[in-house]
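Peer 1: A single structure is presented below for examination.
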Amino acid sequence: MKKLLTVLLVLTVASSLAFAGGGQQGGGSGGVTKGMDRKIVMGYSQIGAESEWRTACTNSVKAAAADFNIELIFSDAQQKQENQLQAIRSFIRQKVDVIAFTPVVSTGWEAILQECKDAGIPTICVDRTVEAPNTLYDVYIGSDIKAEGVKAAKWMVDYMKSTGNTRGKDDGNRTINIVELQGTVGSAAATDRQIGFKEELAKYPNYKIIKSQTGNFTRAEGLQVMEAWMKAPDAGEIDVLFAHNDDMAIGAIDAIKAAGKKPATDIIIISVDAVKGAFEAMLRKELNATIECNPLLGPQIMETGIKLVQKQPVQKWIPSIEGQYDWTTAEAAYPSRQY
Ligand code: AHR
């Protein structure tokens, strides 16, 4: 009986740690949170680990929690909204001081945000926006996602006009055929990048998106989708690839090479994120440009969490600071890249 009880106890502890995605991280067990007279607890629901960007974001959150001596209950949703809802409900039950979450998709958050509000727990929406009244959450920390799509389209048009691809420059008459690798369907990162890109593109009627499919923000799916496009009869007519993130672009580069084409010369490639893998691809002259989306949000999340617990006023949107890079700027910037 005693043995059975011990086994049950071990299993219970192990499963609660697994549910929290590895348990509490950051801050150790003692001390007080920076700027506070006690240690605060933050529950954070992360989407998963689909990309180089996401890993950098997770590392930044964990490191900042340790730095601010905030007790972090970290949960990995493995790309499922239902896991996020479950994790957030468990944070409420545990009476954490503040909840941060990155919404995998933008809809379906009203009820849970209301539950957080009713429990008196402030909420921070990180990296992706939600489609919900902004009175339901306290702050959004992250990029202007739509602007990333606009920047990508602007870079593409400038480059096609000034340099072009193997098929030639944009002389204003010839049709420029674009293929688009979308991120996770229903995520703000995919929806808003597409909206921004298309909005800018509408100014240039000779640019056409001829194919658009999701690659779920992963290298494997980016490769798979591009592979299929490179086998289609119109493969030779593709001028540009716009990928919603670097990982999908990197996967697609392999597919383009396997099809006997030269990435970044035959097909111009622009993506979003500016992770190290993208810089390496630019240095190999296989990727033309990447628009930065900064994943190092940990310090801003922790600072904001403390302010919210202290009931200090915070801005509704705390934007991340971002740039853009191409072949001409990649070499100088690469050594100082942190992700
Ligand atoms: O929400 C940000 C996006 O999610 C990044 O661009 C992508 O790489 C990630 O997985």
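Peer 1: Do we find that F91 is away from the ligand (no atom under 16 Å from the Cβ), at negative phi and assigned to a strand (DSSP E or B) in this structure?
Peer 2: It is false that F91 is away from the ligand (no atom under 16 Å from the Cβ), at negative phi and assigned to a strand (DSSP E or B).
Peer 1: Output the residue which, of all residues in segment 253-310 that are of a type in the set (G, A, S) and farther than 30 Å from A228 by Cα, is surrounded by the fewest Cβ atoms within 10 Å (Cβ to Cβ).
Peer 2: For segment 253-310, the residue satisfying everything is G298.
Peer 1: While we're looking at this one, here's another question. Is it the case that A147 is of a type in the set (A, V, I, L, M, F, W, C), part of a helix (DSSP H, G or I), away from the ligand (no atom under 12 Å from the Cβ) and within 26 Å of V61 (Cα to Cα)?
Peer 2: Taking the combined requirement at face value, the residue satisfies it.
Peer 1: While we're looking at this one, here's another question. Can you tell me how many residues within segment 236-255 are assigned to a helix (DSSP H, G or I), away from the ligand (no atom under 16 Å from the Cβ) and touching a residue at least 60 places away in the same chain (Cβ under 8 Å)?
Peer 2: Matching residues across segment 236-255 total 1.
The rows are residues; the columns are (1) touching a strand residue (DSSP E or B) at 6+ places or on another chain (Cβ under 6 Å); (2) away from the ligand (no atom under 16 Å from the Cβ); (3) at pLDDT 55 or above; (4) assigned to a helix (DSSP H, G or I).
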site: L8; (1), (2), (3), (4): no, yes, no, yes
site: G21; (1), (2), (3), (4): yes, yes, no, no
site: V32; (1), (2), (3), (4): no, yes, yes, no
site: R38; (1), (2), (3), (4): no, yes, yes, no
site: Y44; (1), (2), (3), (4): yes, no, yes, no
site: S75; (1), (2), (3), (4): yes, yes, yes, no
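Peer 1: Shifting gears a bit: Restricting attention to segment 94-111, report how many residues are surrounded by fewer than 24 Cβ atoms within 10 Å (Cβ to Cβ), away from the ligand (no atom under 16 Å from the Cβ) and under 22 Å from the mean Cα position of the chain (by Cα).
Peer 2: 2
Peer 1: Now, a different point. Output the residues belonging to segment 120-144 that are away from the ligand (no atom under 16 Å from the Cβ) and in contact with a Phe, Trp or Tyr (Cβ under 9 Å, 6 or more places away or on another chain).
Peer 2: I121, P122, T123, A132, N134, L136, Y137, V139 - these are the residues of segment 120-144 that are away from the ligand (no atom under 16 Å from the Cβ) and in contact with a Phe, Trp or Tyr (Cβ under 9 Å, 6 or more places away or on another chain).
Peer 1: Could you please find all residues in segment 47-73 being near the ligand (Cβ under 10 Å from one of its atoms) and of a type in the set (V, I, T)?
Peer 2: I47, T55
Peer 1: With the requirement that a residue be over 25 Å from I145 (Cβ atoms) and assigned to a helix (DSSP H, G or I), what does segment 256-315 give you?
Peer 2: I256, K257, A258, L283, I306, V309
Peer 1: Just one of (1) basic (K, R); (2) in contact (Cβ under 8 Å) with a residue 12 or more places away in the chain; (3) away from the ligand (no atom under 15 Å from the Cβ) trips up K169, so point out which.
Peer 2: K169 satisfies every listed condition except (2).
The values are calculated or read from the model by the stated rules, or taken from the named source; none is laboratory data. Remember, it's a predicted structure, so these values are computed and weren't measured experimentally. Neighbour counts are summed over all protein chains in view; Cβ atoms, including those assigned to glycine, are modelled from backbone coordinates with ideal geometry.
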